[in-house]
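Before any comments, here is the structure.
The values are calculated or read from the model by the stated rules, or taken from the named source; none is laboratory data. Bear in mind the structure is a predicted one, so any value in this text is a computation, not a measurement. Please note: Cβ atoms are built from the backbone with ideal geometry, for glycine as well, and neighbour counts cover all protein chains shown. Only protein heavy atoms, including side chains, enter the accessible area calculation; ligands, DNA and RNA are left aside. Shrake-Rupley method; radii C 1.70, N 1.55, O 1.52, S 1.80 Å.
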Amino acid sequence: MRLWLNRTGEVSLREQLVTQVILAILCKEMLPGQRLPSTRDLARRFNIHANTASAAYRELEREGWLEFHHGSGVYVKASRPTTQLTPEMCVDQIIGELVAKARKQGASETMLRGRLRRWLSLEPPSRWLVIEPDPELRRIVIHEMSQVLALPIVGCAPDECAAPAMLQGSMPVVLPSKAANVRKLLPAGTELTTLQVHPVSLELQTYLKRYLPEHASDLIGIASRWSEFQRLGRTMLIASGLAPDSLLVRDAATTGWKRGLEATTGVVCDSVTALELPPGVFAMRFTLLDAASITHLREMEATLSGAADELPA
């Protein structure tokens, strides 16, 4: 049985013994029926008082982890206590499993302590940070990310991105066209993820080739708060053969933008505006972020939440 005893900490040696024996049982380093060292052997091996070892064993017996066999010694009980584990014990079990796996890989106790101290000194990322100067485009990116990711998502303009309060606990992301500029603004060593986007013009062209020329005379709407989407949508629809006067372009940031859309065959729009269209209006919705980019972001989240589980057994 291996123990780590901190003789200068606030936690008593008895409590440290109790906690580490329970962890060893939960992590299967000590198996049901396994014999433990006697109180005298434990005291001699770890240079503690025999009364401390005895008190720890008695507490573990009362809680149902150990059992005393008269004349034979102390053993791990065949069954675990039926009482529910406390939140603290659940966290201890996760830590214990991590330590057990690291030991199997040959990690020394000095390395384990050093690496644990390092990770505890770091603040793990707890949110995504979308860095984008255009507030409407930023809104679209945040919305699309929020549909597939679990962590909170906030946004800011590039001139705000280097503020410690903004970066702390954040995973910054940026669109390709702004990546070079944003990298210059962030502190050295900051990890920045570049999002990949759909070639909207090509997607729209493909859609319209199926749609036209049968509906070339239909009234088609274009709606978005993002002015570039309005411009791009109008350009591509006209290039595909629609007459300019058959297009109804709406800035969704203005009052009354929904007026007349019910008369259209469909409305080309972004993923946010699609949720705000009047009932019955057909949305030709185009997402900005491509599937590969979304997969990468989800993998990053999975790594954060399951890093301990991914350690080799």
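List of remarks:
- Top-ranked residue in segment 171-215 [being small (Gly, Ala, Ser) and at pLDDT 65 or above; ranked as surrounded by the most Cβ atoms within 10 Å (Cβ to Cβ)]: 179
- Count of residues meeting criterion [of a type in the set (D, E, K, R) and either without any contact (Cβ under 8 Å) to a residue 24 or more places away in the chain or open to solvent by less than 50 Å² (accessible area, probe 1.4 Å) (or both)] in segment 93-110: 1
- Unique residue being within 25 Å of residue 299 (Cβ to Cβ) and surrounded by fewer than 14 Cβ atoms within 10 Å (Cβ to Cβ) when the list is 113, 118, 139: 118
- Subset tally (residues that are farther than 22 Å from residue 87 by Cα, surrounded by fewer than 16 Cβ atoms within 10 Å (Cβ to Cβ) and β-branched (Val, Ile, Thr)) for segment 1-43: 1
- Checklist (1) more than 14 Å from residue 140 (Cα to Cα); (2) in contact with a Phe, Trp or Tyr (Cβ under 8 Å, 6 or more places away or on another chain) applied to residue 270, failing item: (1)
- Hey, residue 265 more than 14 Å from residue 286 (Cβ to Cβ) and at pLDDT 90 or above or not: no
- Condition met for residue 74 (open to solvent by less than 70 Å² (accessible area, probe 1.4 Å), in contact with a helix residue (DSSP H, G or I) (Cβ under 9 Å, 6 or more places away or on another chain) and touching a residue at least 40 places away in the same chain (Cβ under 8 Å)): no
- The listed residues are 283, 223, 239, and the only one of them that is at pLDDT 95 or above and closer than 20 Å to residue 198 by Cβ turns out to be 223.
- Residues that are touching an Asp or Glu at 6+ places or on another chain (Cβ under 9 Å) and either open to solvent by 60 Å² or more (accessible area, probe 1.4 Å) or outside any loop (DSSP other than H, G, I, E, B) (or both), drawn from segment 240-264: 246, 253, 258
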